[in-house]
Amino acid sequence: MGPRNAAKLFGKSHPGASRFEVTLFGSLAATGKGHLTDKAILDVLLPIAPTEIIWQPDIFLPFHPNGMTFKAFDSEGKLIGEKTQYSIGGGDVIEEGAPRQAAEDVYDMHTMADILKWCDSTGHSFWEYVERCEDSSIWDYLREVWQVMKLAVERGIEAEGVLPGGLGVARKATSYYVHAAGYSSSLKSRGLVYAYALAVSEENAAGGKIVTAPTCGSCGIVPAVLYHLHTSKGFSEQRILRALATAGLFGNVVKTNASVSGAEVGCQGEVGVACAMAAAAASQLFGGTPRQIEYSAEMGLEHHLGLTCDPVCGLVQIPCIERNAYAAARALDANLYSAFSDGRHSVSFDRVVEVMKQTGHDLPSLYKETARGGLAKIR
(Lines give C-alpha, C1' and ligand atoms only; values in the text may rest on other atoms or scores of the structure.)
Protein backbone atom coordinates (compact mmCIF):
# COMPACT_ATOMS: atom_id res chain seq x y z
CA MET A 1 0.00 0.00 0.00
CA GLY A 2 2.87 2.37 0.75
CA PRO A 3 4.49 2.03 -2.70
CA ARG A 4 1.07 2.37 -4.32
CA ASN A 5 0.42 5.60 -2.42
CA ALA A 6 3.89 6.87 -3.32
CA ALA A 7 3.25 6.07 -6.99
CA LYS A 8 -0.04 7.97 -6.89
CA LEU A 9 1.68 11.07 -5.54
CA PHE A 10 4.50 10.91 -8.07
CA GLY A 11 2.21 10.16 -11.02
CA LYS A 12 -0.05 13.06 -10.11
CA SER A 13 2.98 15.37 -10.07
CA HIS A 14 4.14 14.21 -13.54
CA PRO A 15 1.02 13.56 -15.65
CA GLY A 16 2.87 14.41 -18.88
CA ALA A 17 5.80 12.02 -18.41
CA SER A 18 6.72 9.74 -21.30
CA ARG A 19 8.43 7.14 -19.14
CA PHE A 20 8.84 6.24 -15.47
CA GLU A 21 11.61 4.38 -13.70
CA VAL A 22 11.14 3.07 -10.16
CA THR A 23 14.04 1.65 -8.16
CA LEU A 24 13.21 -0.43 -5.09
CA PHE A 25 15.89 -0.76 -2.41
CA GLY A 26 16.66 -3.06 0.53
CA SER A 27 13.81 -4.97 2.12
CA LEU A 28 11.31 -3.43 -0.26
CA ALA A 29 13.15 -5.03 -3.16
CA ALA A 30 13.92 -8.30 -1.37
CA THR A 31 10.27 -9.03 -0.62
CA GLY A 32 8.64 -6.84 -3.25
CA LYS A 33 7.46 -9.57 -5.60
CA GLY A 34 5.96 -11.54 -2.72
CA HIS A 35 4.15 -8.44 -1.48
CA LEU A 36 2.92 -7.52 -4.99
CA THR A 37 4.84 -4.24 -4.75
CA ASP A 38 5.59 -4.13 -8.47
CA LYS A 39 1.95 -4.76 -9.34
CA ALA A 40 0.81 -2.02 -6.97
CA ILE A 41 3.16 0.51 -8.60
CA LEU A 42 2.49 -0.56 -12.18
CA ASP A 43 -1.29 -0.42 -11.68
CA VAL A 44 -0.88 3.29 -10.95
CA LEU A 45 1.86 4.40 -13.34
CA LEU A 46 1.34 2.25 -16.43
CA PRO A 47 -1.90 4.05 -17.40
CA ILE A 48 0.17 7.25 -17.52
CA ALA A 49 3.34 6.00 -19.22
CA PRO A 50 5.58 2.93 -19.66
CA THR A 51 7.23 2.06 -16.36
CA GLU A 52 10.34 0.07 -15.51
CA ILE A 53 10.92 -1.49 -12.08
CA ILE A 54 14.56 -1.86 -10.97
CA TRP A 55 15.29 -4.19 -8.05
CA GLN A 56 18.19 -3.40 -5.68
CA PRO A 57 17.80 -5.77 -2.67
CA ASP A 58 21.46 -5.42 -1.65
CA ILE A 59 21.40 -1.64 -1.37
CA PHE A 60 19.92 -0.28 1.85
CA LEU A 61 19.34 3.46 1.99
CA PRO A 62 20.36 4.84 5.40
CA PHE A 63 17.03 6.44 6.36
CA HIS A 64 14.82 3.31 6.20
CA PRO A 65 15.09 -0.22 4.72
CA ASN A 66 11.98 0.31 2.56
CA GLY A 67 13.33 2.94 0.17
CA MET A 68 12.18 3.68 -3.39
CA THR A 69 13.22 6.25 -5.96
CA PHE A 70 10.82 7.45 -8.64
CA LYS A 71 12.07 9.08 -11.83
CA ALA A 72 10.10 10.68 -14.67
CA PHE A 73 11.45 11.30 -18.18
CA ASP A 74 10.16 13.33 -21.13
CA SER A 75 9.87 12.16 -24.74
CA GLU A 76 13.55 12.96 -25.37
CA GLY A 77 14.72 10.90 -22.39
CA LYS A 78 15.47 13.92 -20.23
CA LEU A 79 14.95 13.52 -16.48
CA ILE A 80 12.10 15.84 -15.49
CA GLY A 81 11.43 14.66 -11.96
CA GLU A 82 12.96 12.52 -9.21
CA LYS A 83 11.80 11.67 -5.69
CA THR A 84 12.95 9.21 -3.03
CA GLN A 85 10.33 8.03 -0.54
CA TYR A 86 10.11 5.44 2.21
CA SER A 87 7.33 3.00 3.05
CA ILE A 88 7.23 3.02 6.85
CA GLY A 89 4.32 0.62 7.41
CA GLY A 90 0.54 0.67 7.27
CA GLY A 91 0.47 2.40 3.88
CA ASP A 92 2.29 5.51 5.09
CA VAL A 93 5.11 7.02 3.03
CA ILE A 94 7.49 9.81 4.00
CA GLU A 95 10.52 11.56 2.56
CA GLU A 96 13.94 11.41 4.17
CA GLY A 97 14.15 13.52 7.30
CA ALA A 98 10.40 14.01 7.56
CA PRO A 99 8.81 13.45 11.00
CA ARG A 100 6.80 10.27 11.53
CA GLN A 101 3.73 12.22 12.59
CA ALA A 102 1.35 13.68 10.04
CA ALA A 103 1.95 17.31 9.09
CA GLU A 104 -1.19 18.25 11.00
CA ASP A 105 -0.68 16.75 14.43
CA VAL A 106 -4.13 15.47 15.33
CA TYR A 107 -3.32 14.11 18.78
CA ASP A 108 -1.99 16.46 21.46
CA MET A 109 -0.65 13.62 23.62
CA HIS A 110 1.84 11.06 22.30
CA THR A 111 2.36 8.64 25.17
CA MET A 112 -0.08 6.27 26.77
CA ALA A 113 0.99 7.57 30.20
CA ASP A 114 -0.26 11.06 29.33
CA ILE A 115 -3.47 9.76 27.81
CA LEU A 116 -4.11 7.56 30.84
CA LYS A 117 -3.57 10.55 33.11
CA TRP A 118 -6.16 12.45 31.07
CA CYS A 119 -8.61 9.55 31.39
CA ASP A 120 -8.06 9.42 35.15
CA SER A 121 -8.57 13.17 35.62
CA THR A 122 -11.63 13.51 33.36
CA GLY A 123 -13.35 10.17 33.83
CA HIS A 124 -13.41 9.66 30.05
CA SER A 125 -12.27 6.58 28.14
CA PHE A 126 -9.81 6.16 25.29
CA TRP A 127 -12.43 6.32 22.55
CA GLU A 128 -13.65 9.64 23.93
CA TYR A 129 -10.12 11.01 23.68
CA VAL A 130 -10.05 9.89 20.03
CA GLU A 131 -13.37 11.63 19.38
CA ARG A 132 -12.14 14.79 21.07
CA CYS A 133 -9.04 14.91 18.84
CA GLU A 134 -10.57 13.71 15.59
CA ASP A 135 -14.11 15.21 15.88
CA SER A 136 -17.32 13.28 15.17
CA SER A 137 -16.43 12.56 11.52
CA ILE A 138 -14.16 9.77 12.75
CA TRP A 139 -17.19 7.52 13.18
CA ASP A 140 -18.06 7.56 9.47
CA TYR A 141 -14.48 6.60 8.67
CA LEU A 142 -14.41 3.82 11.26
CA ARG A 143 -17.76 2.54 10.01
CA GLU A 144 -16.19 2.13 6.56
CA VAL A 145 -13.16 0.40 8.14
CA TRP A 146 -15.46 -2.00 9.98
CA GLN A 147 -17.41 -2.80 6.83
CA VAL A 148 -14.22 -3.62 4.91
CA MET A 149 -13.05 -5.80 7.79
CA LYS A 150 -16.32 -7.71 7.95
CA LEU A 151 -16.42 -8.29 4.20
CA ALA A 152 -12.83 -9.55 4.24
CA VAL A 153 -13.75 -12.10 6.91
CA GLU A 154 -16.86 -13.21 5.04
CA ARG A 155 -15.12 -13.49 1.67
CA GLY A 156 -12.23 -15.38 3.21
CA ILE A 157 -14.51 -17.83 4.99
CA GLU A 158 -16.08 -18.82 1.67
CA ALA A 159 -12.93 -18.86 -0.47
CA GLU A 160 -11.06 -22.08 -1.19
CA GLY A 161 -8.10 -23.11 -3.33
CA VAL A 162 -4.37 -22.41 -3.35
CA LEU A 163 -2.88 -18.99 -2.70
CA PRO A 164 -0.81 -17.44 -5.51
CA GLY A 165 2.98 -17.26 -5.25
CA GLY A 166 4.27 -20.77 -5.84
CA LEU A 167 4.48 -22.10 -2.28
CA GLY A 168 1.37 -24.22 -2.75
CA VAL A 169 -0.27 -22.89 0.41
CA ALA A 170 -3.92 -23.94 0.51
CA ARG A 171 -6.52 -21.68 2.08
CA LYS A 172 -7.54 -23.03 5.49
CA ALA A 173 -10.15 -20.58 6.78
CA THR A 174 -13.13 -22.56 5.47
CA SER A 175 -11.83 -25.80 6.97
CA TYR A 176 -11.23 -24.20 10.37
CA TYR A 177 -14.66 -22.59 10.28
CA VAL A 178 -16.36 -25.91 9.53
CA HIS A 179 -14.34 -27.83 12.10
CA ALA A 180 -15.10 -25.24 14.78
CA ALA A 181 -18.80 -26.01 14.47
CA GLY A 182 -18.14 -29.56 15.67
CA TYR A 183 -16.78 -28.41 19.02
CA SER A 184 -18.58 -26.92 21.96
CA SER A 185 -18.10 -23.86 24.12
CA SER A 186 -14.54 -22.54 24.43
CA LEU A 187 -13.01 -24.81 21.78
CA LYS A 188 -15.58 -23.68 19.24
CA SER A 189 -14.91 -20.06 20.18
CA ARG A 190 -11.17 -20.47 19.70
CA GLY A 191 -11.63 -22.27 16.39
CA LEU A 192 -13.81 -19.47 15.05
CA VAL A 193 -11.23 -16.85 16.02
CA TYR A 194 -8.59 -18.85 14.14
CA ALA A 195 -10.89 -19.12 11.13
CA TYR A 196 -11.64 -15.39 10.99
CA ALA A 197 -7.98 -14.42 11.26
CA LEU A 198 -7.01 -16.94 8.60
CA ALA A 199 -9.80 -15.65 6.36
CA VAL A 200 -8.55 -12.06 6.34
CA SER A 201 -4.86 -12.98 6.13
CA GLU A 202 -5.56 -15.28 3.19
CA GLU A 203 -7.50 -12.51 1.48
CA ASN A 204 -4.44 -10.29 1.88
CA ALA A 205 -2.13 -12.97 0.49
CA ALA A 206 -4.43 -13.29 -2.52
CA GLY A 207 -4.47 -9.54 -3.18
CA GLY A 208 -7.95 -8.95 -1.77
CA LYS A 209 -9.26 -5.80 -0.12
CA ILE A 210 -8.30 -5.58 3.55
CA VAL A 211 -7.58 -2.96 6.21
CA THR A 212 -4.04 -2.28 7.40
CA ALA A 213 -4.36 -2.90 11.12
CA PRO A 214 -1.69 -1.72 11.53
CA THR A 215 -0.14 -3.39 8.42
CA CYS A 216 -1.17 -5.73 5.63
CA GLY A 217 0.89 -8.58 7.08
CA SER A 218 -0.97 -8.33 10.40
CA CYS A 219 -4.37 -7.46 8.95
CA GLY A 220 -6.24 -10.52 10.27
CA ILE A 221 -5.87 -9.99 14.02
CA VAL A 222 -8.08 -7.01 14.84
CA PRO A 223 -10.90 -8.05 12.45
CA ALA A 224 -10.88 -11.61 13.81
CA VAL A 225 -11.30 -10.48 17.40
CA LEU A 226 -13.93 -7.85 16.65
CA TYR A 227 -15.92 -10.01 14.22
CA HIS A 228 -15.96 -12.86 16.71
CA LEU A 229 -17.14 -10.67 19.58
CA HIS A 230 -19.71 -8.95 17.36
CA THR A 231 -21.24 -12.22 16.18
CA SER A 232 -20.90 -14.37 19.31
CA LYS A 233 -21.48 -11.81 22.05
CA GLY A 234 -23.85 -9.47 20.25
CA PHE A 235 -21.87 -6.29 20.75
CA SER A 236 -23.50 -3.48 18.78
CA GLU A 237 -21.87 -1.74 15.86
CA GLN A 238 -21.52 1.44 17.91
CA ARG A 239 -19.53 -0.39 20.59
CA ILE A 240 -17.40 -2.10 17.92
CA LEU A 241 -16.58 1.30 16.40
CA ARG A 242 -15.57 2.64 19.79
CA ALA A 243 -13.35 -0.38 20.28
CA LEU A 244 -11.81 0.29 16.87
CA ALA A 245 -11.07 3.86 17.91
CA THR A 246 -9.26 2.59 20.98
CA ALA A 247 -7.34 0.01 18.96
CA GLY A 248 -6.26 2.70 16.53
CA LEU A 249 -5.11 4.95 19.35
CA PHE A 250 -2.75 2.28 20.68
CA GLY A 251 -1.45 1.62 17.17
CA ASN A 252 -0.89 5.33 16.67
CA VAL A 253 1.16 5.59 19.88
CA VAL A 254 3.46 2.87 18.54
CA LYS A 255 3.77 4.49 15.10
CA THR A 256 4.59 7.82 16.71
CA ASN A 257 7.20 6.53 19.16
CA ALA A 258 8.58 3.45 17.37
CA SER A 259 7.52 1.68 14.17
CA VAL A 260 5.04 -0.79 12.70
CA SER A 261 7.34 -1.68 9.80
CA GLY A 262 8.54 -5.29 9.69
CA ALA A 263 11.49 -4.11 7.64
CA GLU A 264 12.54 -1.77 10.43
CA VAL A 265 11.74 -3.62 13.68
CA GLY A 266 10.70 -7.13 12.67
CA CYS A 267 7.32 -8.79 13.02
CA GLN A 268 6.99 -7.61 16.62
CA GLY A 269 6.05 -4.26 15.07
CA GLU A 270 3.37 -5.85 12.90
CA VAL A 271 1.82 -8.88 14.59
CA GLY A 272 2.86 -7.70 18.07
CA VAL A 273 1.27 -4.29 17.64
CA ALA A 274 -1.85 -5.78 16.04
CA CYS A 275 -2.19 -8.11 19.02
CA ALA A 276 -1.93 -5.14 21.37
CA MET A 277 -4.56 -3.24 19.40
CA ALA A 278 -6.94 -6.20 19.39
CA ALA A 279 -6.37 -6.84 23.10
CA ALA A 280 -7.19 -3.22 23.92
CA ALA A 281 -10.35 -3.38 21.81
CA ALA A 282 -11.50 -6.60 23.47
CA SER A 283 -10.80 -5.25 26.95
CA GLN A 284 -12.89 -2.17 26.27
CA LEU A 285 -15.78 -4.23 24.89
CA PHE A 286 -15.82 -6.32 28.05
CA GLY A 287 -15.95 -3.24 30.27
CA GLY A 288 -12.30 -2.89 31.18
CA THR A 289 -11.13 0.25 32.92
CA PRO A 290 -8.58 2.42 31.09
CA ARG A 291 -5.81 0.83 33.15
CA GLN A 292 -7.03 -2.70 32.42
CA ILE A 293 -7.21 -1.80 28.72
CA GLU A 294 -3.65 -0.47 28.82
CA TYR A 295 -2.50 -3.60 30.65
CA SER A 296 -4.16 -5.83 28.07
CA ALA A 297 -2.45 -3.99 25.22
CA GLU A 298 0.89 -4.04 27.05
CA MET A 299 0.76 -7.83 27.33
CA GLY A 300 -0.22 -8.19 23.68
CA LEU A 301 2.95 -6.38 22.63
CA GLU A 302 5.32 -7.50 25.40
CA HIS A 303 4.86 -11.17 24.67
CA HIS A 304 5.77 -10.67 21.02
CA LEU A 305 9.03 -8.84 21.75
CA GLY A 306 11.83 -10.09 19.51
CA LEU A 307 9.51 -11.66 16.93
CA THR A 308 11.41 -11.80 13.64
CA CYS A 309 10.08 -11.01 10.19
CA ASP A 310 11.30 -13.87 8.00
CA PRO A 311 8.72 -14.56 5.26
CA VAL A 312 9.44 -17.55 3.03
CA CYS A 313 10.11 -16.34 -0.52
CA GLY A 314 9.04 -12.85 0.58
CA LEU A 315 5.40 -13.92 0.46
CA VAL A 316 2.90 -12.89 3.12
CA GLN A 317 2.06 -16.54 3.76
CA ILE A 318 4.58 -18.53 5.81
CA PRO A 319 4.74 -17.82 8.75
CA CYS A 320 2.57 -14.71 8.50
CA ILE A 321 -0.87 -16.27 8.13
CA GLU A 322 -0.56 -18.64 11.10
CA ARG A 323 0.88 -15.84 13.21
CA ASN A 324 -2.29 -13.83 12.67
CA ALA A 325 -4.43 -16.68 13.98
CA TYR A 326 -2.25 -17.26 17.05
CA ALA A 327 -2.03 -13.55 17.85
CA ALA A 328 -5.79 -13.10 17.62
CA ALA A 329 -6.22 -15.83 20.24
CA ARG A 330 -3.44 -14.29 22.34
CA ALA A 331 -5.23 -10.93 22.25
CA LEU A 332 -8.30 -12.51 23.83
CA ASP A 333 -6.08 -14.19 26.43
CA ALA A 334 -4.48 -10.83 27.28
CA ASN A 335 -7.93 -9.33 27.77
CA LEU A 336 -8.96 -12.18 30.08
CA TYR A 337 -5.74 -11.94 32.10
CA SER A 338 -6.11 -8.20 32.61
CA ALA A 339 -9.78 -8.58 33.53
CA PHE A 340 -8.76 -10.64 36.57
CA SER A 341 -6.47 -7.81 37.71
CA ASP A 342 -7.06 -4.28 38.95
CA GLY A 343 -4.98 -2.94 36.06
CA ARG A 344 -1.83 -2.31 38.07
CA HIS A 345 1.34 -3.86 36.66
CA SER A 346 5.09 -3.33 36.56
CA VAL A 347 5.86 -2.61 32.89
CA SER A 348 3.95 0.15 31.13
CA PHE A 349 2.81 0.08 27.51
CA ASP A 350 5.11 3.02 26.76
CA ARG A 351 8.09 1.14 28.17
CA VAL A 352 7.34 -1.91 26.04
CA VAL A 353 7.13 0.33 22.96
CA GLU A 354 10.60 1.70 23.79
CA VAL A 355 11.98 -1.81 24.24
CA MET A 356 10.34 -3.01 21.03
CA LYS A 357 11.98 -0.19 19.09
CA GLN A 358 15.42 -0.91 20.55
CA THR A 359 15.02 -4.66 20.07
CA GLY A 360 14.07 -4.08 16.45
CA HIS A 361 17.15 -1.96 15.85
CA ASP A 362 19.32 -4.62 17.49
CA LEU A 363 17.97 -7.42 15.30
CA PRO A 364 20.24 -8.36 12.38
CA SER A 365 18.80 -7.25 9.04
CA LEU A 366 18.42 -10.92 8.04
CA TYR A 367 15.47 -11.11 10.40
CA LYS A 368 13.73 -7.93 9.30
CA GLU A 369 11.69 -8.67 6.18
CA THR A 370 14.55 -9.50 3.86
CA ALA A 371 13.41 -13.11 3.29
CA ARG A 372 17.03 -14.24 3.78
CA GLY A 373 17.23 -15.46 7.38
CA GLY A 374 15.35 -17.57 9.87
CA LEU A 375 12.35 -19.44 8.50
CA ALA A 376 12.89 -17.88 5.09
CA LYS A 377 15.91 -20.17 4.59
CA ILE A 378 13.80 -23.35 4.59
CA ARG A 379 13.34 -23.08 0.81
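The values are calculated or read from the model by the stated rules, or taken from the named source; none is laboratory data. Predicted, not measured: the structure shown is a model, and the values here were computed from it. A quick note on method: Cβ atoms are made from the backbone with ideal geometry, for glycine too, and the neighbour counts reach across all protein chains shown. For the accessible areas, the whole protein counts, side chains as well, though only heavy atoms, and no ligand, DNA or RNA atoms are used. Shrake-Rupley method; radii C 1.70, N 1.55, O 1.52, S 1.80 Å.
Some observations on this one:
- Backbone phi angles across the stretch 50-62, fed through the Karplus curve with coefficients 6.51, -1.76 and 1.60 (θ = phi - 60°), yield HN-Hα couplings of x, 9, 10, 9, 10, 9, 10, x, 8, 10, 10, 5, x Hz in residue order; Gly and Pro are listed as x.
- Taking max minus min of the alpha-carbon positions on each principal axis, the stretch 1-156 gives extents of 64, 39, 30 Å, largest first.
- Protection proxy ranking, peptides 196-202, 225-231, 354-360, average beta carbon neighbours within 10 Å, highest first: 196-202, 225-231, 354-360
- Sparsely packed loop sites in the stretch 276-376 (the chymotrypsin sites (Phe, Trp or Tyr not before Pro) outside DSSP H, G, I, E and B with at most 13 other Cβ atoms within 10 Å) comprise F340.
- The chain - Cys residues lacking any other Cys C-beta under 4.7 Å: C119, C133, C216, C219, C275, C313, C320
- Checking the cross-link pairs K78/K377; K39/K83; K12/K172; K8/K150 against a 31 Å limit on the alpha carbon distance flags K78/K377; K12/K172 as lying beyond it.
- With the whole protein complex present, S136 retains an accessible surface near 80 Å², based on a 1.4 Å probe.
- Between E264, E131, E369, the Gaussian network model of the chain with springs among Cα atoms under 10 angstrom shows the greatest mean-square fluctuation at E131.
- Options S18, V148, L192, ranked by Cα towards positive dipole end of the chain, top entry (Cβ charges): L192
- Restricting the calculation to Cα atoms, the stretch 103-150 shows an Rg/Rh of 1.05 when the hydrodynamic-style radius is the Kirkwood one.
- Kirkwood hydrodynamic radius of the stretch 137-209, Cα pairs, Å: 13.0
- Entry comment: accessible area of the chain is 43 Å² per residue, from protein heavy atoms only and a probe of 1.4 Å.
- The GNM of the chain, with springs linking C-alpha atoms under 10 angstrom apart, assigns the highest mean-square fluctuation among G269, G287, G343 to G287.
- Stokes-Einstein diffusion of the stretch 208-334 at 20 °C, 1.002 mPa s viscosity, Kirkwood radius from Cα pairs, rounded to a whole number: 152 µm²/s.
- Scanning residues 5 or more positions from G343 or on other chains, none has an amide H under 5 Å from its amide H, with H placed 1.01 Å from N in the peptide plane.
- Candidates P311, P223, P164, ranked by Gaussian network fluctuation over the chain, Cα under 10 Å, top entry: P164
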